[in-house]
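Peer 1: I'd like to ask some things about the structure below.
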Amino acid sequence: MTASGSGERLPAALRTEALEQLLTERGLIDPKVMDGLITEYETNVGPLNGAKVVARAWTDPEYRRRLLDDGTAAIKELGFMGRQGEHIVVVENTATTHNVVVCTLCSCYPWPVLGLPPSWYKDPAYRARMVKEPRTVLSEMGLELPDGVRIIVRDSTSEVRWLVLPERPAGTEHLSEEQLVPLVTREAMVGVAKVKAP
Amino acid sequence: MGGTEGWGPAHPPRGDEPVFEKPWQGRAFALTMLSIGVSGRNADAFRHAQERLDRAGYLDDGYFGRWLNAAELMLTDSAILAPAAIDARARNLRGEHVDEPPVPEPARPRYAPTAGGSLRAVDTAPAFAIGERVRARDMSPPGHTRLPGYARGHTGVVELIQPAAVLPDTNAHFQGENPQHVYSVRFDSRELWGADAEPFAVTAELFETYLEKVS
């Protein structure tokens, strides 16, 4: 197929197994390191990290100020850093301004706070259309924004990564930071949904 | 892909989506991450490898299939693997008996990063100021670039100056890091797509040499 140029397209799962064998038998990679990477992104690095950042910002005004001022440093305060998180800029969604993040060139995404990107983010329709008709795309994804809301699309074209600080929903004033965390979805932190009160 | 047609509707999010739908996707993810180092390349070369795939290689096996194919390309570019090595091994794994190509003499690029990551200090002051109107150059350089096609030739306003970083256009080809100032430039939708466009703004991070002054 791609590099080999042969006719039949072999299944990706089989080709993956073949590549793993070829590199392992020559000692070029260690399967244990592979297992560690997979476990890390399946269990440790995911949108729960970002939800903790958001819940902290909703309940601690000083943290919120630091987060909007220097996202990378404020996120690091909670222990989140690493691959695809060299420089994270946090932008706030309000009743009148709505930020939404895309990567039209590949699928750049703030891994330390959101984990690996979900399928809808990697979808060609999302990547192609978000910079051309965001209101229509958001509507197809289930988010209807009032006409007066100003939309700003953040196309991640460099190593800068964007995280959306969603609006805290009305009716959650009595909830603690810990109770707020499970309300915050990765969709809200990319800007394709709002956080809903429980 | 920005602004291109023919992709159909966007998909509503599924709350219960696993990180890896199938086990091979996790293996392909980890293999690709490690193959960048094994092939002596970098993240920019990895992105360029994805861009060089044919349409089937880019799309047909989804995101992790694209990673796998880009890993193969990087490994064959650096002569860690022979071009047909993966397919030959895959056929043998499913019970065929085909000859596998000999292991080639590795030819990794002569390249070493000057530091970890992509952020670098730059001695010169930024050429553009926050609030300044700038134009994205109307250029189509050969090879890798992070200047999106839809912005080329269009005028926007500098919203933020981001930390200086390695220029992907040269770093992807091991022609030097050329660190530059990076600007978040805000474009109005009507400037990009015409008077009938939905009203909104797009920002993109653009390297200094992608931009020119607006007289």
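The values are calculated or read from the model by the stated rules, or taken from the named source; none is laboratory data. No experiment lies behind these values; they were computed from the predicted model shown. Cβ: placed from backbone, ideal geometry, glycine included. Neighbour counts: every protein chain shown. Accessible surface areas use protein heavy atoms only, side chains included; no ligands, DNA or RNA. Shrake-Rupley method; radii C 1.70, N 1.55, O 1.52, S 1.80 Å.
This table checks each residue for (1) in a helix (DSSP H, G or I); (2) touching a residue at least 24 places away in the same chain (Cβ under 8 Å).
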{"residue": "B:Asp16", "(1), (2)": "no, no"}
{"residue": "B:Ala28", "(1), (2)": "yes, yes"}
{"residue": "B:Leu34", "(1), (2)": "yes, no"}
{"residue": "B:Arg89", "(1), (2)": "yes, no"}
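Peer 1: Tell me, which residue of the range A:162-176 that is open to solvent by less than 40 Å² (accessible area, probe 1.4 Å) and touching a Ser or Thr at 6+ places or on another chain (Cβ under 9 Å) is nearest to the other protein chains (Cβ to nearest Cβ)?
Peer 2: Checking each candidate, the answer is A:Trp162.
Peer 1: Please enumerate the residues belonging to the range B:44-69 that are charged (D, E, K, R) and either open to solvent by 30 Å² or more (accessible area, probe 1.4 Å) or within 7 Å of chain A (Cβ to nearest Cβ) (or both).
Peer 2: Correct list: B:Arg47, B:Glu51, B:Arg52, B:Asp54, B:Arg55, B:Asp60, B:Asp61.
Peer 1: Next up: Please find, among B:Ser118, B:Ser184, the residue that is open to solvent by 10 Å² or more (accessible area, probe 1.4 Å), among the small types (Gly, Ala, Ser), modelled with pLDDT of 95 or more and touching a strand residue (DSSP E or B) at 6+ places or on another chain (Cβ under 8 Å).
Peer 2: After ruling out the rest, the residue left standing is B:Ser118.
Peer 1: Only one of (1) hydrophobic (A, V, I, L, M, F, W, C); (2) more than 11 Å from chain A (Cβ to nearest Cβ); (3) open to solvent by less than 60 Å² (accessible area, probe 1.4 Å); (4) in a loop (DSSP other than H, G, I, E, B) fails for B:Val134. Which number is that?
Peer 2: The number of the failed condition is (4).
Peer 1: Inspect the range A:34-49 for any residue being open to solvent by 10 Å² or more (accessible area, probe 1.4 Å) and farther than 30 Å from A:Glu178 by Cβ and give the result as yes or no.
Peer 2: Yes, that holds for at least one residue.
Peer 1: Kindly list the number of the only condition in (1) within 30 Å of B:Gly40 (Cα to Cα); (2) assigned to a helix (DSSP H, G or I) that fails for B:His181.
Peer 2: Result: B:His181 passes all but (2).
Peer 1: Now for a different question. Looking only at the range B:153-195, count how many residues are among the hydroxyl-bearing types (Ser, Thr, Tyr), more than 21 Å from A:Trp162 (Cα to Cα) and within 23 Å of the chain's Cα centre (by Cα).
Peer 2: Summing the residues that are among the hydroxyl-bearing types (Ser, Thr, Tyr), more than 21 Å from A:Trp162 (Cα to Cα) and within 23 Å of the chain's Cα centre (by Cα) in the range B:153-195 gives 1.
Peer 1: Related question: Could you check the range B:36-54 and list, in sequence order, the residues that are touching a residue at least 40 places away in the same chain (Cβ under 8 Å) and assigned to a helix (DSSP H, G or I)?
Peer 2: B:Val38, B:Ala43, B:Asp44, B:Ala45, B:Arg47, B:His48, B:Glu51
Peer 1: Let me ask another. Which residue out of A:Arg66, A:Arg83 is modelled with pLDDT under 95, on the phi < 0 side of the Ramachandran plot and touching a helix residue (DSSP H, G or I) at 6+ places or on another chain (Cβ under 8 Å)?
Peer 2: None of the others qualify; the one that does is A:Arg83.
Peer 1: When only residues in the range A:1-25 that are more than 7 Å from every other protein chain (Cβ to nearest Cβ) and either modelled with pLDDT of 95 or more or open to solvent by less than 30 Å² (accessible area, probe 1.4 Å) (or both) count, which is farthest from B:Glu17 (Cα to Cα)?
Peer 2: A:Glu25
Peer 1: Got at least one residue in the range B:190-199 being part of a strand (DSSP E or B), surrounded by 14 or more Cβ atoms within 10 Å (Cβ to Cβ) and not β-branched (Val, Ile, Thr)?
Peer 2: No.
Peer 1: Keeping to the range A:108-140, report how many residues are of a type in the set (Gly, Ala, Ser) and open to solvent by 10 Å² or more (accessible area, probe 1.4 Å).
Peer 2: Of the residues in the range A:108-140, 2 are of a type in the set (Gly, Ala, Ser) and open to solvent by 10 Å² or more (accessible area, probe 1.4 Å).
Peer 1: Looking only at the range A:113-134, how many residues end up being more than 7 Å from every other protein chain (Cβ to nearest Cβ), without any contact (Cβ under 8 Å) to a residue 60 or more places away in the chain, out of contact with any strand residue (DSSP E or B) (no Cβ under 6 Å at 6 or more places or on another chain) and of a type in the set (A, V, I, L, M)?
Peer 2: Within the range A:113-134, residues that are more than 7 Å from every other protein chain (Cβ to nearest Cβ), without any contact (Cβ under 8 Å) to a residue 60 or more places away in the chain, out of contact with any strand residue (DSSP E or B) (no Cβ under 6 Å at 6 or more places or on another chain) and of a type in the set (A, V, I, L, M) number 0.
Residue-wise test of (1) within 27 Å of B:His181 (Cβ to Cβ); (2) facing another protein chain (nearest Cβ under 7 Å).
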residue: A:Cys103; (1), (2): yes, no
residue: A:Trp111; (1), (2): yes, no
residue: A:Pro146; (1), (2): no, no
residue: A:Glu159; (1), (2): yes, yes
residue: A:Glu178; (1), (2): no, no
residue: A:Leu183; (1), (2): no, no
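Peer 1: Any residue at all in the range B:91-112 that is facing chain A (nearest Cβ under 7 Å), buried (at least 16 other Cβ atoms within 10 Å of the Cβ) and out of contact with any Gly (no Cβ under 7 Å at 6 or more places or on another chain)?
Peer 2: No.
Peer 1: Please work out which one of (1) touching a strand residue (DSSP E or B) at 6+ places or on another chain (Cβ under 8 Å); (2) assigned to a loop (DSSP other than H, G, I, E, B); (3) over 24 Å from B:His144 (Cβ atoms) is the condition A:Gly85 fails and give its number.
Peer 2: Just one mismatch for A:Gly85, condition (3).
Peer 1: Can you find, within the range B:177-205, the residue that is nearest to B:Gly116 (Cα to Cα) among those that are at the interface with another protein chain (Cβ under 7 Å from one of its Cβ atoms) and hydrophobic (A, V, I, L, M, F, W, C)?
Peer 2: The extreme case among them is B:Val182.
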